[in-house]
Amino acid sequence: MGAEPPGPLVVTDLRVGGMTCAACVRRVEKILAKLDGVTATVNLATGLARVGHPADILPEVLVTAVEKAGYEAALPEPPAPQKRDEAAGDEDDAEAVTRRERERLIVTALLAVPVLMLSMVPSLQFRNWQWLCFVLAAPVAVWSAWPFHVRAVRGLRHSTATMDTLVSLGVVASFSWSAYALFLGGAGDPGMRMPFSLLPSASDGPAHVYLEAAVGVPLFVLTGRFLEARARRGTGAALRSLAGLAAKEVSVRDEHGERSVPIEQLGVGQVFAVRPGERVATDGRVVEGSSAVDLSLVTGESDPVEVGPGSPLVGGAVNTGGLLFVRATAVGADTRLARITELVTQAQAGKARAQRLADAVAGVFVPVVLTIAVTVLGFWLGAGADPQAAITACVAVLVVACPCALGLATPTALMAATGRGAQLGVLVSGPRTLETLRHVDTVVLDKTGTLTSGHMTVVRITAAPGGLGQGAALRLAGAVEQGSEHPLGRAVAAHARRSSAEEPLVPVRDFEAVPGRGVRGRVDGRTVEVVAPDGELPTALADALAAAETAAHTPVLVRVDGVAEALIAVGDVVRPGSYRAVHRLRRLGIRPVLATGDREAPARAVADALGIDEVHARCTPEDKAALVGRLQKEGGRVAVVGDGVNDAAALAGADLGIAMGSGTDAAIGAADLTLVRGDIEALGDAVLLARRTLGTIRANLVWAFGYNAVTVPLAMVGLLTPMVAAAAMSASSLLVVGNSLRLRAWQPSAPPARERRRRRAGHR
């Protein structure tokens, strides 16, 4: 590692090509780390290197260093319109590479299958069959295996060895021995027959040919890597789907009318149209129209959300109803969708602690395998064994060793998990977040905006017996409160509008606001007052008043022509998902703690409703941070869930900070994990996903280490042929990737309400 950089590091992403195993990853990281003040994390699954470097080291220097190590490297994509063209070009290049690999695999199979059949089925061996096999095997050993040979030679020039070195040596050794046997060892005689066995054996007559190994190794390795690449592409499907939500064109409305322009030309403040079935082009606020929008692909919210004038919209959402006109509030990299995509990309670039250990092992893995192979060859020859048996054991050791699975164990699982988390509305900042989340035993929960809705809402309406009735009293109160700017008045008016959607509220006349008391006015010729309760009340209203005060709600009395007609309780209501979320946390062995800046009464009311025993009210930001520190000193692994600026210090000081997606940028910036759809219920999903992901990573690493621990000794003692070794080596990587892919289909345990919605959707 270089010396400490003099200032903050600049982070640059590089696309690295030519990496085939964990040894390649380790080498690229070491090469970049040799530069003064540079740190790097390389991801085999994505082919990306995230490099932190001082500002005086240009990105071009990083590219040159990687290229000198024998790998390909490219700078980040350029911004703005050129970036979209560049991305399209990258996609075309990837398709071209896939097409070439598929063509190479098909030609290899056509040449190799006859050789395998003739070598493995003695009854098919005709006169001079071995020479036909030699002719068919030569292009496989040279042309089909050419990428392995090239990368092996490139590594040799840089004094390094990778998985390609092992494969290349195995193919060369098998083909060279077969050529020797045919031309000099008597195996070229016209009537030669060769038995087949899955176990290596010495020959009593002419030397055996191992052309099946010479073609089988390239065939199985090429097949494995082709399938592995397709599977790895599957683990990143969620990230690509997020990127694909971005619109390419947008219909802008201005003084010149409505016209279609590229999304890159849309600016903040411009108004654009969103027709039914179209995606919202960027973040904005509705200025005209009403509709329902589907946010499932952006935030994981399963139910469509009703929007109207003044409602915020997220870019990438789908308009399922009427025509909307939206004023853009953010464009480009500042949009919520862009930030989500960037968070997922950053998360996939990280490494778990276990993967860092695996990479350290992989750094010395290939040289150790080469040493073992040479030792096995020398031992067998020194023990007087048949030369072809010694060479077979040596080649089997070279071919069966597989550091690929080590390099894929974490990144493939992490790609699948972060992508699945994004679909569920859970964004993690990296593998360390998952590791910490798995061990969290205490969660400090904010109240307002986290467990509750964060805005005033009508909780209960109680009408006086024999009076106007609940509906009529609410409409009259709502009509008067139309002129109020007080949060209580806005809550009553909004509730009245929703309750009488088919008929608008009646206009108010002679409106008057009485400071400290409420409002009054005339509606339909009646004097209507919405004021703080006082004096004698009917029994039903008095009981409702007591219940509201117990629940820490704010009561307002509706009088019509001087007669008390109804009592309306207004408060910040608990989110429906909060009940299920707290219950799930307890079942997962996590202790909930409520910490809020609100008063004792409403804090205790919410805690009692949710079953939270420990409550801390009237907490300042410093108090919340101190509470986190105290819980940590008591031995707890503490997570903090919050949504406001006052939560930022506690979020940063906790073992794990969790921000509500509906919260402030300060809270989200200080957090390690974000619940995108602003639903606390997603926290249980996040914990379960973290536990499943780390379990998958551990299973992958156990398999990767265990595979080599078993197969390499078998190859050393001559119990594996090179062909079987090649098949086993390819299968090991596929099993690791396949195990990670299972995370894409992972489903959290759905609560009953969600299950009912899902069933109803299915019936529709």
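Numerical summary
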| quantity | calculated |
| --- | --- |
| Cβ charges +1 (Lys, Arg) and -1 (Asp, Glu), total dipole of the stretch 457-571, debye | 240 debye |
| Enclosed volume per residue, in Å³, of the convex hull spanned by Cα atoms of the stretch 10-76 | 66 Å³ |
| Order by protection proxy (mean Cβ within 10 Å, highest first), peptides 52-65, 172-185 | 172-185, 52-65 |
| Under the Karplus curve 6.51 cos²θ - 1.76 cosθ + 1.60, θ = phi - 60°, whole-Hz ³J(HN,Hα) for the stretch 435-445, x wherever Gly or Pro sits | 4, 5, 4, 5, 9, 5, 10, 9, 10, 8, 10 |
| Under 5 Å, built H, 5+ apart or other chain: amide partners of Thr282 | Gly316 |
| Normalised per residue, the volume of the convex hull around the Cα set of the stretch 457-571 (Å³) | 92 Å³ |
| Nearest-20 debye value, the stretch 10-76 charge dipole, Cβ charges on Lys, Arg, Asp, Glu | 260 debye |
| Farthest toward positive dipole pole in the stretch 419-524 [+1 Lys/Arg, -1 Asp/Glu at C-beta], among Gly489, Gly466, Pro431 | Pro431 |
| Principal axis dimensions, largest first and in whole angstrom, of the stretch 267-330 by Cα | 29, 20, 18 |
| Phi to ³J(HN,Hα) by Karplus 6.51 cos²θ - 1.76 cosθ + 1.60 over the stretch 734-739, Hz, x for Gly, Pro | 5, 5, 5, 5, x, 5 |
| Vicinal HN-Hα couplings computed from phi for the stretch 105-118 (Karplus, 6.51 cos²θ - 1.76 cosθ + 1.60; Hz; Gly/Pro x) | 5, 5, 4, 4, 5, 4, 7, 7, 4, x, 5, 5, 4, 5 |
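Here, each number is a calculation from the coordinates, and none is a lab measurement. These figures come from a predicted structure and were not determined experimentally. Positions of Cβ are backbone-derived with ideal geometry, glycine not excepted, and every protein chain shown enters the neighbour counts.
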